[in-house]
Every structure is written in C-alpha cells, then in structure tokens.
Amino acid sequence: MKFLVPDFRIWDMENLIIAQRVADNFAHTKAELKEFVQIPSVSADAFDQKYLTESANWVAKRATALGLETEIINLQTADGKVGRPAILAHRLAEPGKPTVLLYAHHDVQPEGDLSLWHTPPYEATEINGRLYGRGTADDKAGVVLHLAAIAAADPGVGITLFVEGEEEIGSPTFQDFLQTYKSRLAADVIIVADSNNWKVGVPALTTTLRGVVQLDVEVAVLDHALHSGMYSGPVLDAVTIASRLIATLHDEQGNIAVPGLLQEDKTVVDYPEADLRKDMGILPGVQLTGSGSLTSRLWTKPTVCVIGMDITSTEKAANSLIPQVKFTLSLRVAPAQNSQEAADALVAHLENNVPFGAQIKVSVNECGPGFAGDTDSEVANLAKTALAEAFGVEPVEIGVGGSIPFIADLAEVFPQATILVTGVEDPDTRAHSANESLDLGDWQKAITAQALLLSRLGQ
C-alpha cells in the first residue's frame, strides 16, 4: 500500500485534540497499568501459569471494550508444544485504508531477589514521576500504550492487536503462531512496542537489533575428582582450562577475537563516555573495553559473555581437582550477519582452541536472527514526525544491542509490511532487574505519538 505524506501544518488542531484526549484519559490509563502490574504473569515454567491466564483475560476484556473482536489463543503445535495464552483482536479497516498490527507481550520476568527491590514488585508504586514494579515498562506499558492509543486516535485504519504471553521465555511457539494465523495477522504496518527511547525526554526509533546465539560448553579433563595435593601439577583442573578457553574469545583490547564474526562500526549517534558510565553503573577505575564508537560496541559489533557456570561454590570447596565444568555463553551477532553462520564460527573457535587437549562438547541452544529496518520509508517518516511533535524534540534513530528474534520472523512472513520498533524504556528502566520502572511523562508522550501515527495512517 502506498502512503502519501501530506503537509503536517494542517494537523495542528488534530494534534491538540488527540493530545487532549490522551491527557484527559491519562489518570485512568495509569490506574489501568497499576492494576495490570498487580498480576504476576511470569511465563517461566517454574511459576504458576494461572496468572498468565488472568493477565490474558485482563487484556482481552479491554480490547473488547474498544470494539475489537477478541480471542484468547493457546496454540498447540504439531510437535505437541502448547503456547502461553495470546490475545488476537481485530477491527476492520475502512475501505482503501491500511491495516496496522500492534504487538506487545503480557508476560514478565521473575522478580528475582526481593531484598533488592525498594518497593513491592507487584504493587506499582509511583515515586517522583516514575512507576516502579515488574512489568511497568517491559512490557505491560507497551500493552496499555496500544490500548490507550487506539482509544485516543481517529484512525479509520484496520487494527490487529497481537499480545503474546511467552516473549520472556524466547517465544517458542511464535513462528508456528505466525504461520497458523498468517491471514489474520497480515498488515501494512507493524508497530512493536518493546524497545527503548534514547533517554528520558528524547524518543527513539530502533533501526537495528543484534542477533543472539546461546550455547553450552562442557570441558572435561578427568573422569573423577582427585586430591589436589596428591595429583595437581600434571593436569590442570577443568575450571582453569575453561577459563583459558574463555580468555581466547577476546583480544587485549577486549574486542571479539573469533574468526568469521562480522564486525560493524557504522553508527553515527554519539554516546558520551560519562553518560555511559553513569547509565551502566560502571565502578570507578574500571576501564572500557573494545574499539570503535561506543554505540557500535553496544549496537552493531558482536559481543560474547559468560552468563552461567556450573562450579563448586566457595562454601562447598574441597581440596580436589574439579574434573569437568559446564558454562553458558551468550553471543550477540552483528545485525547484518546470519546467526547460524555466527554460531558455527563460535563453535569452531571453541573446538579449535581448547587448551591441553581437554575434551569439549558444545551445544547450541538458541540461534535468533538480528534486524535492520528501513528508516527512510514514508511510514517511518510519519512515525518520526509524530514522535517529534509529541515529545517536542526530534527522535533519535538507535540500535539496540539486545535481540528480539521474532521481529525478523515478522519481516520474513510479511515482507511488504513496514516494521516500526518503538518503546517506552530509558536508561533508568532496569528491565529484567530489580526496581524496574517507567517514566510516566514519556509514556504519556509515547501514547500521544502512536495515536497521532494511527490517525495519519488513516488519512
């Protein structure tokens, strides 16, 4: 579908009307989010899944109240997997007008160590203009943003609301869902509300996402533990061997040293080092690693991290050589590189560099693609204008170092659709961490921007 870009000056009154609607409804919208956050909808297997059903019903009730034809779906795949409850809701487009797919997710991460929270994680608490609680930003704010924007807009566009319930566990049935409901999900524009703004007060469109590879590595040197006094010397323990292997992944500067991984340093946005240190909470004296611009190191260059290791705890330490160890690596892949190709390169590096002939077994658990969007399209320009008008400043085109693999799935299944990746998080949000929070002022502006965009797509 071809979108015409009219003269924005004729929309001054429309801006005021839509912004006023959002403002008039905002107390109710905020109350809705607080109520939504009270539902501990953790999708991880170890948690009670009845709360996911409760949160799905919560969304479905409000979508129905907006006049959307709504269904809750628990997809069962051919291989027997049963998906978490997803909401699929529709309103048909007026003749000749486009259809917009609005995506968000209603599941959340576990709350983690409660002692680290300053407020109860499932009691949304407002402090100095921020709302604290699990899911306040990731991604229940995205769900309610869509609902509030639909209510405030004068679109005429078709609306498809798709709110899944398993994003935080890797969306295991997402591809099956896309294929099963392809005709009902088809759209001209797809808006994914699950990313970041540049900082508080400055909106952003996410233009690139890195791919992700996660793998387990097992290193073994002995078939059983041995007395470290009697036998250490001829053989290094498995943890030391693993540590030496992990050290081969980076050069002296901290750059990735794995042959075959694409290195991209193409970003143009500046991230001052002082701001980065503050936003990340880097301890005094800790030196930055890697080369190239800071934004390329965050967004487009590959990284690899040790995210887990099975090892004897210090409390249970014994004077023995540890015979084997298992650790998990997370590789973030340049947006333009095939993730399977990157996984193969990392596996080959590990197998070729394990020290002293130790036995090694590598298992790839996840291989998600990256994403590079078109920010010069007519729809993207409409979105940037709406953001600029709602926030009062020009939006920043950013990359995100994290991965949202299903966006690449959307691009593959709907190649003609324009995909816009927006969000409400900022450097203080702490998604997935204790004390997750949302800037309420920016959230109101984000709702206004999306309502403006929906209206303009209808024009």
_Cα-based helix-to-principal-axis angle, 140-152 vs the chain, degrees rounded to 10_ = 10 degrees
*Given the convex hull of the Cα atoms of region 47-119, what is a quarter of its surface area in nm²?*
8.0 nm²
*Which trypsin sites (Lys or Arg not before Pro) does region 34-143 hold that lie in a coil by DSSP with at most 15 other beta carbons within 10 Å?*
K81
*If you place +1 on the Cβ of every Lys and Arg, -1 on the Cβ of every Asp and Glu, and leave all else neutral, what size is the dipole of region 223-319 about its Cα centre, to the nearest 20 Debye?*
20 debye
_Reported label for calculated P(r) over Cα pairs in 10 Å bins from 0, in percent given (1) 4, 19, 26, 22, 14, 9, 4, 1, 0; (2) 4, 19, 28, 26, 14, 6, 2, 1, 0; (3) 4, 18, 26, 26, 18, 8, 1, 0_ = (2)
*Quickly work out the V82-to-Q340 label distance, labels modelled 7 Å from Cα along the C-beta direction, and quote it in nm with one decimal.*
3.1 nm
*To the nearest 0.05, how large is the calculated FRET efficiency for L283 and D310 if R₀ is 30 Å and r is the Cβ-Cβ distance?*
0.65
*Taking 0.36 nm per residue of separation and subtracting the Cα-Cα distance, what length does fully extending D48 through T248 add?*
67.9 nm
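In region 108-203, which GluC sites (Glu not before Pro) fall in coil by DSSP and have 16 or fewer other Cβ atoms within 10 Å?
E123
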_Calculated from backbone phi, Karplus (6.51, -1.76, 1.60) coupling profile of region 155-167 in Hz, x at Gly/Pro_ = x, x, 6, x, 10, 10, 9, 10, 10, 8, x, 9, 4
*Tally up the carbon and sulfur contribution to the accessible surface of the chain as a whole percent, 1.4 Å probe, everything protein left in place.*
51 percent
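Which loop GluC sites (Glu not before Pro) in region 171-279, with loop taken from DSSP, have no more than 10 other Cβ atoms within 10 angstrom of their Cβ? Don't skip to the end; give the middle numbers.
Working: sites: E218, E252, E264, E273; in loops: E252, E264.
Listed in order of number, the matching sites are E252.
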*Hey, what's region 335-459 come to in accessible area per residue, 1.4 Å probe, Å²?*
38 Å²
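In what order, largest first, do V286, V212, V221 sit by accessible area if the probe radius is 1.4 Å? Kindly include the intermediate steps, with their values, before the conclusion.
Values: V286 70, V212 10, V221 45 Å².
Listed by decreasing accessible area, they come as V286, V221, V212.
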*Estimated [θ] at 222 nm from DSSP helical runs (n ≥ 4, -39500 (n - 2.57)) normalised by residues in the chain, nearest 500*: -10000 deg cm²/dmol
*Sorted by mean Cβ packing within 10 Å, highest first, what order do the peptides 20-31, 338-349 take?*
338-349, 20-31
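The values are calculated or read from the model by the stated rules, or taken from the named source; none is laboratory data. Bear in mind that the values here come from a model prediction, so they are computed numbers and not experimental data. Positions of Cβ are generated from backbone atoms using ideal geometry, with glycine treated the same way; all protein chains shown enter the neighbour counts. These area figures cover heavy atoms from the full protein model, side chains too; ligands, DNA and RNA do not enter into them. Shrake-Rupley method; radii C 1.70, N 1.55, O 1.52, S 1.80 Å.
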